[in-house]
Amino acid sequence: MNVLLKPSRRWLSQGRGRAAVALACLSLSGLLNTAQAAIPVEHWTHASGARVYLVASPSIPMLDVQLDFDGGSRRDPAAQAGLASVTAGLLSGGVAAQPGLPALDENQLSEAWVDLGAQFGAQASADRFTLSLRTLTEPDLLERAVALAARQIAAPAWPQNVWQRDRERLLAALKEAETRPGTQAARAFARAVYGSHPYGYQPDAATFNAIGVADMQAFYRRHVVACRAQVTLVGAIDRNRADAIVGRFMAPLQLHGCGPLPGVPAVASLERAIDERLPFAAAQAQVSIGQPGIARDDPDFFPLFVGNYILGGGGFVSRLTTEVREKRGLSYSVFSYFAPGRHAGAFQIGLTTRPDQAAQAVEVSRKVVRDFVEKGPTEAELVAAKAFLVNGFSLRIDSNRKLLDNVANIGWNGLPLDYLDTWTRQIERVSVADIRRAFDRVLQPDRMVTVVVGATP
């Protein structure tokens, strides 16, 4: 349900062949009727300390598993921004030898996953370090997939040569990205909104060059630990089998210990408006307007979610589109969103426009936000928004993968286990007054960041 902060996924293998084709077809068939009945989320604490969430879905013979740890980029040292992400990336580099098992280099590891028709991946978002497994539940395939995933979790190879190669690729990609106005706008916006908070850290050549394999190993041991793990499973298994799988994955991680992690400060509110106009030779100017928004556990999440659909999240039916695109032709598309996390993620408006129209586009966008904060939506807008969101709810959970994401978010954000069962009721009870109150509390139209890259002086 919540919008996350631009996570990037790196699959360690993309399974092919008959089993992989079956996985793809089954994931699309999913749980089409799930929204018609209660979704039974089982929750318990494993003996290792890991928190477990299970949705048993016997209708299709597949299993999705997600392991989440407090090891996202908010845990990066400032001088090593990008550490969590590259640590996740290097998990594809192979596995070390273990008793009775030979080492596998990155090619052998990839081929092993291809042979299983299964997928294992790692990613780091702002808040989470995530490992993911997808496999069919035919007994032999499931056992072999779980065993290979357990090896990869327990004994990454951390090959120096692979990191050197990957770092060169990252530096080349970074250099190329810097030639795009969108990159410049995103970096400037993050710096202005988040200040010194880790949410605003930006990897660059210096931070990548400051990261060594030993740093990744230390990061992995410190953050990927059983006592703070959350494991979410959706698929054709029961609780006993799920608990056994969790045990296989957690056993080596218990050896990492359970040292305390330092606190991360709150995102500071903006004390004044910030306006940055950056020259850039481009056909289109990039515009970002926003401020720190809310954490995911904010009690006004639903009024803000519904209100933002009306303001700028609803595509062609949003107010921003009506005023900026339809009435004035200033931009092909314009959007707004909240990106809540453990801390206050950004509220952001984004658009591209002709450089000579940038000032007008900014003025119109600011006025739309100001008017919405002061007056809120109309009853007609609210009725239409509720109808669209409620009628589209089933599309949010119509596959194992989507359901897994939602249940993992329930656990990670401390939401009630019946959150998905009550989601439509939460939407339906939002009123115009709720939206006005929530937006007035959260947004400060006169203290926002405005970044324009490529505008005509």
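Filtered by the rule that a residue be within 19 Å of Tyr199 (Cα to Cα) and not in a loop (DSSP other than H, G, I, E, B), segment 267-278 gives a lone residue, Ile274.
Would a scan of segment 293-304 turn up a residue that is out of contact with any His (no Cβ under 7 Å at 6 or more places or on another chain), under 21 Å from Ala438 (Cα atoms), assigned by TED's automatic domain parsing to the domain that holds Asn413 and free of Cβ contacts under 8 Å to residues at least 24 places away in the same chain? It would help to see each step written out before you state the result.
Within segment 293-304, the first condition is being out of contact with any His (no Cβ under 7 Å at 6 or more places or on another chain), and the residues that meet it are 293-294, 296-304.
So of that shortlist, the ones also under 21 Å from Ala438 (Cα atoms) come out as 293-294, 296-304.
Checking which are assigned by TED's automatic domain parsing to the domain that holds Asn413 leaves us with 293-294, 296-304.
Retained after the next criterion (residues that are free of Cβ contacts under 8 Å to residues at least 24 places away in the same chain): 299.
Yes, the conditions are met somewhere in segment 293-304.
Among residues of segment 112-123 that are in the same structural domain as Val146 (by TED's automatic domain parsing) and part of a strand (DSSP E or B), those with a Cβ under 6 angstrom from a residue that is at pLDDT 95 or above and charged (D, E, K, R), sequence gap 6+ or separate chain, pair up as Gln119/Arg134. Looking at segment 400-420, is at least one residue touching a Gly at 6+ places or on another chain (Cβ under 8 Å) and at pLDDT 95 or above? Yes, the conditions are met somewhere in segment 400-420.
Do we find a residue being of a type in the set (A, V, I, L, M), assigned by TED's automatic domain parsing to the domain that holds Ser196, over 21 Å from Leu403 (Cα atoms) and out of contact with any Cys (no Cβ under 8 Å at 6 or more places or on another chain) anywhere in segment 55-77?
Step one: list which residues in segment 55-77 are of a type in the set (A, V, I, L, M), which gives 55-56, 60, 62-63, 65, 67.
From what's left, assigned by TED's automatic domain parsing to the domain that holds Ser196: 55-56, 60, 62-63, 65, 67.
Now narrow it down to the ones that are over 21 Å from Leu403 (Cα atoms): none.
Taking every residue of segment 55-77 in turn, none turns out to be of a type in the set (A, V, I, L, M), assigned by TED's automatic domain parsing to the domain that holds Ser196, over 21 Å from Leu403 (Cα atoms) and out of contact with any Cys (no Cβ under 8 Å at 6 or more places or on another chain).
Report yes if Ala154 is in contact with a helix residue (DSSP H, G or I) (Cβ under 9 Å, 6 or more places away or on another chain), surrounded by fewer than 20 Cβ atoms within 10 Å (Cβ to Cβ) and touching a residue at least 60 places away in the same chain (Cβ under 8 Å), otherwise no. Walk me through it before giving the result.
Working: in contact with a helix residue (DSSP H, G or I) (Cβ under 9 Å, 6 or more places away or on another chain): yes; surrounded by fewer than 20 Cβ atoms within 10 Å (Cβ to Cβ): yes; touching a residue at least 60 places away in the same chain (Cβ under 8 Å): yes.
Yes, satisfied.
Residues in segment 197-216 that are polar (S, T, N, Q) and touching a residue at least 60 places away in the same chain (Cβ under 8 Å): how many?
Matching residues across segment 197-216 total 2.
Among the residues of segment 306-358, those that are more than 22 Å from Ile274 (Cα to Cα), in contact (Cβ under 8 Å) with a residue 24 or more places away in the chain and polar (S, T, N, Q) comprise Asn308, Ser331. When segment 204-223 is filtered for residues that are in a loop (DSSP other than H, G, I, E, B) and crowded, with 21+ Cβ neighbours inside 10 Å, only Ile211 remains.
Taken together, the residues in segment 398-448 that are exposed (fewer than 15 other Cβ atoms within 10 Å of the Cβ), charged (D, E, K, R) and outside any helix (DSSP H, G or I) amount to 2.
Is it the case that Arg239 is without any contact (Cβ under 8 Å) to a residue 40 or more places away in the chain and either in contact with a Pro (Cβ under 6 Å, 6 or more places away or on another chain) or assigned by TED's automatic domain parsing to the domain that holds His43 (or both)?
On the way: without any contact (Cβ under 8 Å) to a residue 40 or more places away in the chain: no; either in contact with a Pro (Cβ under 6 Å, 6 or more places away or on another chain) or assigned by TED's automatic domain parsing to the domain that holds His43 (or both): yes.
Spelling it out, it is not the case that Arg239 is without any contact (Cβ under 8 Å) to a residue 40 or more places away in the chain and either in contact with a Pro (Cβ under 6 Å, 6 or more places away or on another chain) or assigned by TED's automatic domain parsing to the domain that holds His43 (or both).
Across segment 166-184, not a single residue is classified as surrounded by 18 or more Cβ atoms within 10 Å (Cβ to Cβ), in contact (Cβ under 8 Å) with a residue 12 or more places away in the chain and closer than 30 Å to Val407 by Cα. In segment 224-252, of all residues being in contact with a Ser or Thr (Cβ under 7 Å, 6 or more places away or on another chain) and either at pLDDT below 95 or assigned to a strand (DSSP E or B) (or both), the one that is surrounded by the most Cβ atoms within 10 Å (Cβ to Cβ) corresponds to Val234.
Please indicate, with yes or no, whether at least one residue in segment 3-12 is closer than 25 Å to His256 by Cβ and either at pLDDT 85 or above or aliphatic (A, V, I, L, M) (or both). Let's see the steps before the verdict.
Filtering segment 3-12 for residues closer than 25 Å to His256 by Cβ gives 7-12.
Cutting the leftovers down to either at pLDDT 85 or above or aliphatic (A, V, I, L, M) (or both) gives us 12.
The answer is yes; a qualifying residue exists.
Any residue in segment 97-112 that is closer than 16 Å to Phe219 by Cβ and of a type in the set (Asp, Glu)? The answer is no; no qualifying residue exists. Scanning segment 253-262 for residues that are without any contact (Cβ under 8 Å) to a residue 40 or more places away in the chain and surrounded by 13 or more Cβ atoms within 10 Å (Cβ to Cβ) gives a single hit, His256.
Looking only at residues in segment 136-151 that are under 22 Å from His223 (Cα atoms) and free of Cβ contacts under 8 Å to residues at least 60 places away in the same chain, which one is surrounded by the most Cβ atoms within 10 Å (Cβ to Cβ)? The extreme case among them is Leu148.
The values are calculated or read from the model by the stated rules, or taken from the named source; none is laboratory data. Since the structure is predicted, the reported quantities are computational estimates derived from the model, not experimental observations. Ideal geometry is used to build each Cβ from the backbone, glycine not excepted, and the neighbour counts take in all protein chains shown.
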